[in-house]
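Chemist: Here you go, one structure.
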Amino acid sequence: MTAQNPAGHASDGLVSVEDHLAQILEAVSPLSPLDLTLSDAHGCVLAEDVGAAFPLPPFDNSAMDGYAVRADDIASAGESQPVTLPVVGDIAAGSGGPYTVQPGLCVRIMTGAPIPAGADAVVPVEWTDGGVAQVSIRRPATPGAHIRRAGEDASAGTTVLTEGTHLGATQVGLLAAVGRDRVQARPRPRVVVLSTGSELVDPGTALSPGKIPDANSSLLTAAAQEAGGIAFRVGIVPDDPRLLLDTLEDQLIRADAVVTSGGVSVGAYDVVKEAIGRLGPVTFARVAMQPGMPQSFGQIGPDKTPFFGLPGNPVSAYVSFEVFVRPAIRRMLGVEPINRPTVRAKLTAAVTSPPGKRTFARAQLKVEHGAYSVRPVGGGGSHLIASLAQANALIVVPEKMTALEAGATVTVMLLERRHA
Ligand code: AMP
Ligand code: MG
């Protein structure tokens, strides 16, 4: 590993990936909870303990379509000597009818309908002749059979979800089941995304000489959504400091974080580098990684909004997002883990890495015969977005390694979407 001084700068002027990330994570914290609707709370972290205001299920109800009976009345029922009972009513799911089942009688009942007073068992329709006026029952039932008891899932007052729970589909379903339409939860961070570059045009626009479509703002907006944020794609800002500052000042009002691409290296017209310092303290670092060496991070505007100035090459922008922005978004969401999962996998082709830098090589990870194998895809060029789109993982080559041979076991970061 590269020698480092206490300020985190490697001796060759590079900052380590860890130190740059640590600086970012120190500056971001979980957002304050808000009262959110269930659909807004999906994917967020619960900021209260949620109790059941009423028992779950709320009342004794039938687990089957069948007949509510008194178990004693059908104790002698069998295939060869069915018991026949008059059917005195019909209870559908949703009905609250005040039925009582007297001895020797029964009521037809549907799944989810309340058990009438007097009845202590449900006979599934399959054990009967399905009669409407009277029913012939071929099997006895034990008391309580096919009855779902009030409170058997959760009794009134019990905590069903605790503060800190990440709300996925099933947790949102439970909140609804206990009658909640809103909860206290940490909101998704709002991420404003824009691309800098006078060479950029909106996708769908005809290209004129020297122009290319803006890939990064779409890529980073999608990545920020997948990380759990609410992303706003502002689009293109030309390499004009005044326009960049005006745009950022307008956008800060709705931003919990700002992500830009391009203009952070040492070229002429590197607009972010030129202008951003006027909005707050922003550092420009050379990070010991490949791709993604030029990085900037700071806090801008009146609310000290975290600002990420990522390099412009699409692969660099994306890898930088994965390594620095995604963990920050997840920290703001309040979810753990903030990092992508990693696995160890067998390399199927050699990979090289510049000395002193951590390489994140695009790769395809597969499971073969129960073991992970990983294959690099695309070349080293940071402009190669076509091969980026083939990758489902990044091979992480440590700083001290310059080459990994086929057959070596390597650490691989998974890029699957489901971890939002
Ligand atoms: P920069 O970091 O601004 O010097 O840009 C580095 C390279 O990335 C240049 O070749 C740019 O044309 C390219 N680039 C910058 N921004 C984008 C973008 N939004 N979409 C696609 N390519 C870009
Ligand atoms: Mg540029």
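Chemist: Given the conditions (1) buried (at least 22 other Cβ atoms within 10 Å of the Cβ); (2) within 23 Å of the chain's Cα centre (by Cα), and given that residue 345 satisfies all but one, which numbered condition is not satisfied?
Modeler: Only one criterion in (1) buried (at least 22 other Cβ atoms within 10 Å of the Cβ); (2) within 23 Å of the chain's Cα centre (by Cα) is unmet by residue 345, namely (2).
Chemist: Going by the structure shown, is residue 105 in contact (Cβ under 8 Å) with a residue 12 or more places away in the chain, within 16 Å of ligand 1 (Cβ to nearest atom) and crowded, with 19+ Cβ neighbours inside 10 Å?
Modeler: no
Chemist: Of the conditions (1) within 15 Å of residue 309 (Cα to Cα); (2) within 11 Å of ligand 2 (Cβ to nearest atom), residue 268 clears all except one; give me its number.
Modeler: Every listed condition holds for residue 268 apart from (1).
Chemist: Where residues in the range 179-214 are under 30 Å from residue 154 (Cα atoms) and in a strand (DSSP E or B), which of them is most open to solvent (accessible area, probe 1.4 Å)?
Modeler: The selected residue is 182.
The values are calculated or read from the model by the stated rules, or taken from the named source; none is laboratory data. Being a predicted model, the structure only gives us computed values, none of them experimental. Quick reminder, even Gly has a Cβ in these numbers, built from the backbone with ideal geometry, and neighbours come from all protein chains shown. Keep in mind that these areas ignore ligands, DNA and RNA; they rest on the heavy atoms of the full protein, side chains included. Shrake-Rupley method; radii C 1.70, N 1.55, O 1.52, S 1.80 Å.
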